[in-house]
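Shown next, in structure tokens, is the structure this report addresses.
Where a number appears in this text, it was derived from the coordinates with a stated rule and is not lab data. Just so it is clear, the structure is predicted and the values come from calculations on it, not from any experiment. Using ideal geometry, Cβ is built from the backbone for each residue, glycine included, and neighbour counts are taken over all protein chains shown.
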Amino acid sequence: MKKTVIKKAVMAFAGLLFSSFLAFSQEMKGSIDVDFFSGEENASYTEWTGGYSPSEINTRSQIKDIGRRLANGIQYQETEENDPFPYNKGNPAYKYSAARVYGTSKRGADVILIGETATVDTIKCLKMILQGYVENAYGISPSESEGLAQALCNWNTALYNNSYLLNQFEDGVKDAFSGYATKTGLSNSFREWKKSVLVIPHVFTEAAENENQYESDFDYSDNSLVQESVPEQVEENVEEKNEADYSSANTYSNQNSKNIKKQNKKGGNNKMIILAAACGGAIALAAIIIILLTRKKA
């Protein structure tokens, strides 16, 4: 009886250690690298300046939901299905899409497709889509996500036609939406946004040679595109900043950059706390095993 109890305790101890380290490594696998892209100066953009009919107006929440839904699909495939290449073609297909490419010999990234049928035409709305994505994909708070989305737009504009920056990423980053995208990064003009991919860099860590490859069994032959009649735009009665605020060089301040980095470090501390708690539980189980081994028979 005593041996059975000890055997069960040992198995529980090993299982707890394995699951703790597995969960920790899974969480760290696709961490966003804020420091890598937060240093670019604010870019200025040519945007649509015409009017919109009432049927062409969406709320701020509806626009952010585009990014949130993409992130939810990526998170589900990664955590629930352990897909080596999480891929969400979106609905309608390839209007707005997302993919996650893990780093092996080079840096990995999340990739957001602005498809041929996308209707986003202001940087304000594009930032909202990115806000929604990083909030759900990385657990970024709404208060931090706006500055983070601004920094991502600035950096993707610096990435546009920049072979040096692009070569720092896995080939899967530029090939994730092959056939649907012809440009990597963000042009200064909204007229060039369609068929572009935006890049959200990961922290670069070496991975096993046979792990996290971006190839997928996904059927790329489905080239169906559905045009929505309602383009993404903020309804006029929603309280928001002026357009000038979004192109100002002071929008993404140094203080906001520090807050983002602080949030990123806090997330890393939380991961270490989780791991430490798991190890503490494992030590407690080890103590029980020792007591059982040394206790005399009654």
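Some values worked out for this structure:
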item: Cα→Cβ-extended label distance, 7 Å offset, between TYR164 and ASN188, nm; result: 1.8
item: Relative packing of peptides 31-43, 106-118 - highest average C-beta neighbours within 10 Å first; result: 106-118, 31-43
item: Under the Karplus curve 6.51 cos²θ - 1.76 cosθ + 1.60, θ = phi - 60°, whole-Hz ³J(HN,Hα) for region 174-190, x wherever Gly or Pro sits; result: 7, 9, 4, 10, 4, x, 10, 10, 10, 9, 10, x, 10, 6, 6, 10, 4
item: Segment ASN91-TYR76, length gained on full extension (0.36 nm per residue, minus Cα span); result: 3.8 nm
item: Cα-Cα over 18 Å, subset of LYS64/LYS183; LYS64/LYS127; LYS106/LYS183; LYS106/LYS174; LYS127/LYS194; LYS106/LYS195; result: LYS64/LYS183; LYS106/LYS183; LYS106/LYS195
item: ASP33 paired with GLN62, simple spin-label distance in nm, labels 7 Å along Cα-to-beta-carbon; result: 3.8
